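Take a look at the structure below.
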Amino acid sequence: MLAVCAGYFMVILDVTAINVAVPVIGRELSASLTGIQWITDGYTLVFAGLLLTGGALGDRLGNRRVFCVGVAVFTLASAACALATSAPLLVAARLVEGLGAALIVPGSLALLQQAYPGTAARSRAFGLWGSMAGIAAAAGPLLGGLLVSTLGWRWVFLVNLPVGAACLVLTLRHVTRSPRRADRALDWPAQCAVMATAALLTAALNEAGRRGWSDPAVLAGLGLAVLAAAAFAVRERLARSPVLPPSLLRSRAMSGGAVIGLLFNFGFYGMVFTASLEFQHQRHFSALGTGVALFPAVAMTMFASVLSGRLTRRTGDRPLVISGMLLAALGLTGWAAAGTDPAYSLLVAPMMAAGFGTSFALTGSTATVMGAAPAAYAGAASALFNTTRQIGSATGVALGGSLLATATDYTTGLRVSMAVGALAYLTAAGLAWLCVPAVPKKPLTA
């Protein structure tokens, strides 16, 4: 558990710590708002685009082996980020970091599925996995702010080096080897379609802030993203060895749980990104002050996943996912309705509600997706769930930044961004009612 969660901790710590560092990085490296978005989203784009590839490689070559390779790549890329001397070099190193993360995350869930086959034990394990993400999410802004304010932004990346080294040692010593399924072919056309979808969608939303929503390049990017997604769906129906069998993709629990993950990551990470810019640019908080200001949102995630992992044995997953999404929607609605220049004290409860609700729903949605997949497709199912989540993160950051850039004033853009996030949470609650089983079901067979 500690070995697997250490890798996931490193990935999430990097995501949350960078949010308070990017304004300082942007100033020191002379990056525009679009450049700042790419420092954040370049990582997420590759992460989302290659997760299915990482999951398929894990099923084919063994999840422990691919997990270890991912940790090594991520750790070395973090060192390259710390040494970057310009925004383009930093973005390039962040792309390689995204590759490492795409190999780590599917393996982490698949290795837990392998180690804890029982339903109750697996739910507790997923709860602890989610709480590790919560601890990383809570520590990220504070640690990032402290490092930026004292040692400099480069230490936001250097801190990954000892974590990565410890993770490798623990995994090689304490995690059993995973079975290899050499018959699982890699469906490269489908992988390319997913990468194209993530890249085109993120690029279009990022560029909308600079070019405007009606710009031909932005509209073309959105249209091509839709075509790439359609191409993936068609390919999966025709492929002899699809990424996931059609029977699994038709599963309401599998597909619905994946979309729920997209929606709650869209709402939460869009909120964290825009709030970070609000606190530093409009309220003139320092990087450390911004980390402290964001702490109410991320601190709630530390124990919400563990709590939901314990409660699910009594209630099932559906009520926990629905209540979490409704609470998060209430939080962002409260921020949007707080006025044009609300006191910080009025924003604490909305941030706490969004953080708690998102993490409270994570365990149930994770268990829903993983419980719908047979063991042979554990890596691919984990990759599907985390792919949609990272696409949600990327689009939440990109759309939030573009709304800030194109609105008549900064405050209006922020409130619209929060309202859109609340709508995403409400949609996720409705999907949970339809797709999340009231009681755990046996996995489908391939």
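Only one of the numbered conditions (1) in contact with a helix residue (DSSP H, G or I) (Cβ under 8 Å, 6 or more places away or on another chain); (2) under 25 Å from A405 (Cβ atoms) is not met by H284, and that is (1).
Number of residues in segment 95-144 that are farther than 25 Å from V156 by Cα, aliphatic (A, V, I, L, M), at pLDDT 70 or above and open to solvent by 40 Å² or more (accessible area, probe 1.4 Å) equals 1.
Checking segment 389-405 against the condition returns no match, with no residue being under 18 Å from P342 (Cα atoms), touching a residue at least 12 places away in the same chain (Cβ under 8 Å) and among the charged types (D, E, K, R).
Please work out if G289 is assigned to a helix (DSSP H, G or I), farther than 26 Å from Y425 by Cα, out of contact with any helix residue (DSSP H, G or I) (no Cβ under 6 Å at 6 or more places or on another chain) and open to solvent by less than 40 Å² (accessible area, probe 1.4 Å). Criteria met by G289. Contact map, segment 329-353: residues that are in contact (Cβ under 8 Å) with a residue 60 or more places away in the chain paired with residues that are of a type in the set (V, I, T) and open to solvent by 20 Å² or more (accessible area, probe 1.4 Å), Cβ distance under 7 Å, separation 6+ or inter-chain. Pairs shown: T340/T411; D341/T411. Of all the numbered requirements in (1) outside any helix (DSSP H, G or I); (2) surrounded by fewer than 21 Cβ atoms within 10 Å (Cβ to Cβ), P189 misses one, and that requirement is (1).
A single entry from S276, S308 fulfils the requirement of being closer than 24 Å to T388 by Cβ, over 18 Å from the mean Cα position of the chain (by Cα), hydroxyl-bearing (S, T, Y) and open to solvent by less than 10 Å² (accessible area, probe 1.4 Å): S308. Here the condition is being more than 26 Å from S108 (Cα to Cα), open to solvent by 10 Å² or more (accessible area, probe 1.4 Å) and under 20 Å from the mean Cα position of the chain (by Cα); of V416, V420, it holds for V420 alone.
Of the residues making up segment 246-256, those that are touching a Ser or Thr at 6+ places or on another chain (Cβ under 9 Å) and more than 10 Å from A428 (Cβ to Cβ) are S247, L248, L249, A253, M254.
In this entry, T408 passes the filter for residues that are among the β-branched types (V, I, T) and either touching a strand residue (DSSP E or B) at 6+ places or on another chain (Cβ under 6 Å) or modelled with pLDDT under 85 (or both). Evaluate segment 54-63: report whether one residue or more is open to solvent by 10 Å² or more (accessible area, probe 1.4 Å) and among the acidic types (D, E). No, segment 54-63 has no match at all. Exactly one of (1) at pLDDT below 85; (2) part of a helix (DSSP H, G or I) is unmet by T333. Its number? Every condition holds for T333 apart from (1).
The values are calculated or read from the model by the stated rules, or taken from the named source; none is laboratory data. Here the structure is a predicted model, which is why all the values come from computation and not from measurement. Cβ: placed from backbone, ideal geometry, glycine included. Neighbour counts: every protein chain shown. Each accessible area value is taken on the protein alone, full model and side chains, heavy atoms only, with ligands, DNA and RNA left out. Shrake-Rupley method; radii C 1.70, N 1.55, O 1.52, S 1.80 Å.
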